[in-house]
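Input: a single structure, listed below in structure tokens.
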Amino acid sequence: GEAARTGGARVAAAEALAGVLASPHVDAPWAAPLLLKTVAESAAEEAEEWLRAVRYAVRGEAPGEGSDDVLRGVLAADGLLSSSSTTAREARRLEAALACVSQLTSGKSAGSTESTLAGLAFQEALVDELADEENTPLARDSRAVREEAAKVASALAGAHLAPEGARRPAELFHGTSETTSEILERLRAKTAALLESFAAGADEASRAVLLENPAEAQTKQPRASETETFSDARTLDAGPRARQRRWLEGALLTVIQLAKHGEIACPVASEVVARCIPAILRAQETPDRDFALVAKRALTYLKYVVFPVGQVGLAARGALLGLRDDNWHARAAALKFAQAFTFRHAFVLDGATRVALYEAVVEATRDPQIEVRALASTTLVGFLRGGAAADGSAARARDAALKRASTA
């Protein structure tokens, strides 16, 4: 019918534009702006066809023949879109940026030194944009923009920080020139600094999020009523802490992407995520329900992560801090996390850490909040059933925990 004819014409147009841009024999300065404009204005159900054209144009007909005009166009659009554009257009620009990064780091575009330099310069510009404290898309008002920015951040981390086991090994786009290696090292350092900023700012941001509603930050007190707990959603973006909440959500969305695609196995990423655990636990219940759902998603993914041996102790420390947090929702979340974490790392947890986790869970059975006590009992039973299988220290910790519980 008409829809099929329209769809066919759209696919043909996308392929034609991509072919013009991918060919080194055609000089068409109008093609990249037209393609990116079409991407920005396309409906959701049509976007993938045009993004496929972006990927082909960036890849080129042969290695080293990708279109630098598309890369420059995506970067130039930032200055035009960030201040006055609709959020849908900005989110679509970041989708196009992700398509470019995915293609550039797939290994299929590694060709001439010139094309490699252009691709690396594009990626470096994206990292700089994400790391811009004043105007990072990770803290935009629109959640759609934050989500797309998080995907770009995760893709860059996967390409430059996780050469072993990443879906896009960094070695694939090493060039032969010394300049290329220098840019690559600088890009790795900037990407690591971007993730480091998450760990450095997450704790303060999570406390600021709770202070949007002081009732939820009270020390070890029962939860307030629903009327007292959640403020009117229309006021949530009006306060001075709103930007911190948006930034933290962007960081959590990046953590989700890192865990979802396996880049969290990289030592840099796993260390950053382990250091963020207390903030993630603290953010489980907040005045903004949508933000809280993002925090819950992040914690759900972390339950299934197997941390590298060198980061297990740091992750356990995060769980212990959560178990002692003033906010009872954080303590409850920490108990849920501790169950999965201890099970998945049973054979690499050292004796002292295992004992500390047991003791913290036993202490939680005497928590003033009934929900925490109930979860602590369930967690302790799980520890007693399965924890002793790892080594003798688990059995000793179990016996010590039972003794303290019986004399409390």
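The values are calculated or read from the model by the stated rules, or taken from the named source; none is laboratory data. What you are looking at is a predicted structure, and each value in this text was computed from that prediction instead of being measured. We place every Cβ from the backbone using ideal geometry, glycine too, and count neighbours over all the protein chains shown. Note: areas computed on protein heavy atoms with side chains; ligands, DNA, RNA excluded. Shrake-Rupley method; radii C 1.70, N 1.55, O 1.52, S 1.80 Å.
Numerical summary
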| item | result |
| --- | --- |
| Listed pairs 151/260; 260/296; 260/303; 190/303 exceeding 20 Å between Cα atoms | 190/303 |
| Point-to-point label distance, residue 76-residue 132, nm (Cα→Cβ direction, 7 Å offset) | 1.7 |
| Accessible area in the full protein assembly, largest first, 1.4 Å probe, for 385, 140, 373 | 385, 373, 140 |
| For the range 8-103: accessible area per residue (Å², 1.4 Å) | 46 |
| Approximate spin-label separation residue 204-residue 61, in nm, with each point projected 7 Å along Cα-to-Cβ | 5.4 |
| Förster radius 41 Å - calculated FRET efficiency between residue 317 and residue 41 (Cβ-Cβ, nearest 0.05) | 0.25 |
| FRET E, pair residue 303, residue 348, Förster distance 25 Å, beta-carbon r, rounded to 0.05 | 0.90 |
| Environment charge of residue 303, counting only residues whose C-beta is closer than 9 Å and scoring Lys/Arg +1, Asp/Glu -1 | +2 |
| Relative contact order (%) - the range 8-103, alpha-carbon pairs under 8 angstrom, separation at least six | 32 |
